[in-house]
Each structure stands twice: as structure tokens, then as C-alpha cells.
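To start, the structure under review is shown below, and the notes come after it.
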Amino acid sequence: MIYLNGNFMPMEEARIPVLDRGFIFGDGVYEVIPVYSRHPFRLEEHLSRLQHSLDGIRLDNPHSAGEWEERIRRLVELNEPEDQSVYLQITRGVAKRDHAFPKGIEPTVFMMSNPLVTPSRETLEKGVATISTADNRWLRCDIKATSLLPNVLLRQMAVDAGAAETILLRDGFLTEGAASNIFAVKNGILLAPPKDNLMLPGITYDVVIELAQSIGLPCEVRQVSENELFSASELLLTSSTKEVTPITSLDGKPVGNGKPGPVFEKLHAAYQTFKHSVMRRA
Ligand code: PDD
């Protein structure tokens, strides 16, 4: 079951006009919210990032936080899996094609749910391969925009190279992955690029930094140089669906000893414990 403009319906019945600006221009924003045991994880934070994205594209929020929560919970109820990944998107709506904002139209609001597939035991034990390349995206990567062509092309580069993710560098510094945030470990210190216009402020990124602090793991939020990235003892990738995933190779070379390291093990354990404690309290 999906949600479209106020109605819940089977996916097959959903119709979007071809002139929707999401289709024509990629003129919209989105969120991906993980749902564990039917409880949306960090919902408030996802909704506040959604507001930031809407502000960034100058589109009014069609719903209050309470209305979003009600709709998301209903969608989760209508779908079978206990663990789901809720995708929501808002586009500027349907209008004759013209780049400038049309007047007096309603936004299109769409939500769907997929089974949440978190990293397999094998992925957690072996880690994933990555490649690196120049970050050629625009300068508002803090907006979670549906216009994802650069990210699509960057992720496909990884797939073509037999890797899981592409790590991006801008002016000699790490930004993020094509669809994830990236952390490096140097001298036992967790290094995280600062949240600015060059990366998406990940909800999982924030959780990982909070967990590092709570377990006494040294963490520095600062620019991470290309040299630090390539000489890191560990690299980690985070996102709502990938949680905390170890990276064990970069551009065909092993990261550290080529195995998931101790910082990953600690953060992974802390993430799982935290996730379950939040769900128990919900
Ligand atoms: N992507 N950076 C980019 C470019 C992303 O697309 C994502 C997530 C993240 C991680 O953010 P979060 O921890 O809030 O999921 C960072 C989602 C999952 C997607 O597009 O499917």
C-alpha cells in the first residue's frame, strides 16, 4: 500500500500526471525513514531535515509534524513487514512546463514502504569495497533533493567497478558517499566531515557521533583530507538503511588490514543496542 495526496491505495492504482514537476524537473525533496518493529526511528529528526529541504527549495510544508506522523504510522500499519523503509517525497506539483515556480498549485505528496534490508552478516564480517572520485555535484548537497542524477551516475561507477559505494572528494577533502555519509579512523580517533552545504546531514551520522561520545570514543568533527582518507586505519559508511557498515577496500587497496576494525565493532554494537533500547521505550 502506498500514500498519494491524502489517499492510501495499492501501488498499482497510483497515478501521477506526466506534467508533475518531479517527473519533468526533479523539482522535489524526499526522506527515507527506517522503521524497526513498526516504530519509525528518529522520526522527529527526519521531519526536521525534511523542513530544511523544503525551505531550501522554497516549498511550503503541506503537513504539520503531527499530520506527517499520523500518515507515516498508518502507512506502516498497512504494510506487512515489521521492519520497513518508508520513502516519502514532495514535489512542487503539476503545471505546464516552465522552469519558474507556477502559482496556485498543490504539491504532490507520495509515500511508499519497502521491507527494510539492513547489512547482512556477511557484509558486517567482510566489509564492503569502495572507489573514490571527484565530487561533481552542486553546492547544496544539504538539501535532500529528488534530482539525484549526479548521485545515480556516481553510484553506478562503484557498481561498474564491482564496489558498493563511491566516496567523494571535493578540493582535496572528503565530503560523503553517493548515498551515504563516510567516517575515517586515524590514530584511534573517529573523524567526521563537518555538516555544511557540501554533504547531506545524515540522521545516522548524528546517531553515530552521539554514540561515539557516549562510549568514550574520541571523535573529531572537522575536514578530512584526501591523505587522511587514504591512510585511514578504518573507514565506515552510514545511512538509514546501511546503518553502520565497514569499508574494507578503497580503489582496490585494503583499508587498514583489510578487515572490519575495532572502532567499527564498537559502533556497530552500540548502534544495535541503542536501536533496540529506543524501540523498547517506544
Ligand atoms: N540516502 N548522504 C547522501 C547523499 C544520502 O543519499 C544519504 C541517505 C546519506 C545518509 O543519510 P541518513 O543517515 O539520514 O540516511 C548521506 C538514502 C538512504 C537514500 O537516498 O536512499
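See the values below:
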{"read-out": "Within region 249-282, backbone nitrogen closer than 18 Å to the virtual label 7 Å beyond the Cα of GLU69 toward Cβ", "value": "278-282"}
{"read-out": "Ellipticity estimate at 222 nm from DSSP helix runs (n ≥ 4, -39,500 (n - 2.57)) divided over the chain, nearest 500", "value": "-9500 deg cm²/dmol"}
{"read-out": "Amide N of region 1-23 lying under 12 Å from the label point, which is placed 7 angstrom from the Cα of GLU80 along Cα→Cβ", "value": "1"}
{"read-out": "For the chain, share of DSSP beta bridges that run antiparallel, in % to the nearest 5", "value": "80 percent"}
{"read-out": "SER239 accessible area, 1.4 Å probe, all protein chains in place, Å² to nearest 10", "value": "20 Å²"}
{"read-out": "Exposure ranking of SER48, SER53 by accessible area [1.4 Å probe, largest first]", "value": "SER48, SER53"}
{"read-out": "Of LYS195/LYS253; LYS126/LYS186; LYS186/LYS275; LYS186/LYS259, those spanning more than 23 Å from alpha-carbon to alpha-carbon", "value": "LYS195/LYS253; LYS186/LYS275"}
{"read-out": "Computed over region 2-115: relative contact order in percent, which uses C-alpha pairs under 8 Å that are six or more apart", "value": "38 percent"}
{"read-out": "For region 48-59, 3J(HN,Hα) per residue [Karplus equation, 6.51 cos²θ - 1.76 cosθ + 1.60, θ = phi - 60°, Hz, x = Gly/Pro]", "value": "6, 5, 4, 4, 4, 5, 4, 4, x, 9, 6, 10"}
{"read-out": "Dipole magnitude of the chain about its Cα centre (Cβ charges: Lys, Arg +1; Asp, Glu -1), debye to nearest 20", "value": "100 debye"}
{"read-out": "Accessible area in square angstrom per residue, region 121-281, 1.4 angstrom probe", "value": "45 Å²"}
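The values are calculated or read from the model by the stated rules, or taken from the named source; none is laboratory data. Every value quoted in this text rests on a predicted model; they were computed, and no experiment measured them. Cβ sites come from the backbone with ideal geometry, for glycine too, and all protein chains shown count toward neighbours. Heads up: the accessible areas ignore ligands, DNA and RNA and are worked out on the full protein's heavy atoms, side chains in. Shrake-Rupley method; radii C 1.70, N 1.55, O 1.52, S 1.80 Å.
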